[in-house]
Amino acid sequence: MATSADTIKIIIETMLTETSDDYASAVELLSRKGFLPKKMIEVKKEKKVSRFASAAAEDFAQSNDIDVTDIVGTGNGDKITVVDLKKHLKPKVKKANASSKALQFARDEGIDISEITGSGKNGAVKLEDVKKLVKAKKSESTDEDSDSDSGEELVFTPSAKKALKQNGLSEDDCVGIEGSGKNGAIMLSDIKELIDEAKKE
């Protein structure tokens, strides 16, 4: 849009009569009077600069409630990626000071290697250390079993349980009966005499 000589004259007169302190206030004054084209009036919006490399990274941070103030991004322009956020979430695992055989044996036995005091160089846990702990735990459990009053808990097959219930007997009535089923389970045939006695009464 070309500015006519009349419009320029009005602009100059307006600026002379109503002085403005700076460029922004002058633009505001002239836009109120309707002397400026829209392109000059529109204020360009500042583009929001994200610290995230992608929308997925931003969503991941929000869904996991991650404070990103201390995270240094590895993406382009040091932007934070999903990988950076996942690393931040993972607790730093302290590497065990143990031999690979000791680690594997402890894992197989369900033992936390950090509970073991190592006898190796710089306190390294050796296979023998783990074996000693396993042996000690097994002997403790054997002592506890021998100290218990009733020994192992009785195991019944479903048919034996049903027969006991039908004849008004409890599992306590079967103490001393040796089970002939799998893993020492008490079967119906094992309690036949007991049931016959209960029927006579």
Quick one: which residue in D149, D190, D145 is at pLDDT below 85 and part of a helix (DSSP H, G or I)?
-> D145
Within the stretch 40-63, restricting attention to residues that are in contact with an Asp or Glu (Cβ under 9 Å, 6 or more places away or on another chain), of a type in the set (G, A, S) and outside any helix (DSSP H, G or I), which residue is modelled with the highest pLDDT?
-> S50
In the stretch 108-121, residue surrounded by the most Cβ atoms within 10 Å (Cβ to Cβ) [restricted to those that are at pLDDT below 85 and in a helix (DSSP H, G or I)] = I113
G179 passes all but one of (1) more than 47 Å from the chain's Cα centre (by Cα); (2) in a loop (DSSP other than H, G, I, E, B); which number fails?
-> (1)
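Take the stretch 73-119 and flag every residue that is of a type in the set (G, A, S) and under 30 Å from F52 (Cβ atoms).
G73, G75, G77
The values are calculated or read from the model by the stated rules, or taken from the named source; none is laboratory data. Every value quoted in this text rests on a predicted model; they were computed, and no experiment measured them. Cβ coordinates were reconstructed from backbone atoms using ideal geometry, including for glycine residues, and neighbour counts include every protein chain displayed.
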